[in-house]
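Notes for the one structure printed next.
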Amino acid sequence: MNGVTDEAIEKPPEAEMLRSLIAARRSCRAFLPTPVPRATIEEMLAIAQGAASWCNAQPWQLIVTEGDATDRFREALYAYVQDQDFDELNGLGPKSDFPFPARYAGIYLDRRRETGWALYESVGIRRGDREASAKQAMENFRLFGAPHAMILTAEADLGVYGAVDCGSYLANLMLAAQSLGVATIAQAALARCSVFIRDYFQIPEHRRIVCGLSFGYADKNHPANSFSTRRANIADVATFIS
């Protein structure tokens, strides 16, 4: 099992259920227009609220769009990005509230490229076609057609650890959605539009935009949802000291 050679352990049903949810969750890049009922959204949030946080600060706050509000935001966001000197592929353009990675190198660059190539291949984009791949990247700002968007923010005074706590919450939220049959995609790309998003939703200056999240029901027939990413073996990420 992922490089672990110890004898098999007894697996309670809760562990198997969690494993199944994690294995089934993937970033959805094409959604049906069908809205998610408010009661289902609230259940997602209620489950996610159990996330761990430093000193139980629970620094996350959300803006959630529904119905016409999602379409208005989608249209305004895409128009804003088109007016910017924006290159999503190369990280050029408006800046985020939290610094983006300085660079991807080694195995991290390999994994990023593998994911990108798998996506582009799934939608018929040939390797090296920069124009087509840039167009696909811009689908981030159409929210991949999702009927709902979330903006996740953290308290500025809590710094990077407030953002780390929000990462814990985000993981819970995506698994909660998966358990309810709702597809999601976390979007750092939206965080790069923090100036626009802060003004659009009138978010106070003391809140820092961590990321966006588009969600709804997956279009299972869309080619962009036809691939999944690989995960490293345990031996590649864990060092055991005895």
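Taken together, the values in this text are just the output of simple stated rules run on the coordinates, not laboratory data. Since we're looking at a predicted model, the values are computed, not measured. Neighbour counts run over all protein chains shown; Cβ positions are idealised from the backbone, glycine included.
Odds and ends about this structure:
- Dipole of the chain computed with +1 at Lys/Arg Cβ and -1 at Asp/Glu Cβ about the Cα centre; of Gly124, Cys55, Ile9, farthest Cα towards the positive end is Gly124.
- At an R0 of 30 angstrom, the distance between the Cβ atoms of Ser226 and Glu66 translates into a FRET efficiency of 0.60.
- For Arg26, Arg103, order by how many other beta-carbon atoms lie within 10 Å, fewest first: Arg103, Arg26
- Each Lys and Arg Cβ is given +1 and each Asp and Glu Cβ -1; about its Cα centre, the stretch 58-178 then shows a dipole of about 480 debye.
- The modelled label-to-label distance between Gln82 and Glu16, using points 7 Å beyond Cα along the C-beta direction, is 5.2 nm.
- Test item: Cα-centred dipole of the chain, Lys/Arg +1 and Asp/Glu -1 on Cβ, debye: 540 debye
- Rounded to the nearest 20 debye, the dipole size of the stretch 110-175 about its Cα centre is 400 debye, using +1 on the Cβ of Lys and Arg and -1 on the Cβ of Asp and Glu.
- Chain lengthening between Trp54 and Glu121 when straightened (0.36 nm per residue, less Cα-Cα): 20.0 nm
- Neighbour counts of C-beta atoms inside 10 Å place His148, His222 in the sequence His222, His148, starting with the fewest.
- Least to most buried among Arg29, Arg19, Arg198 (fewest other Cβ within 10 Å first): Arg19, Arg198, Arg29
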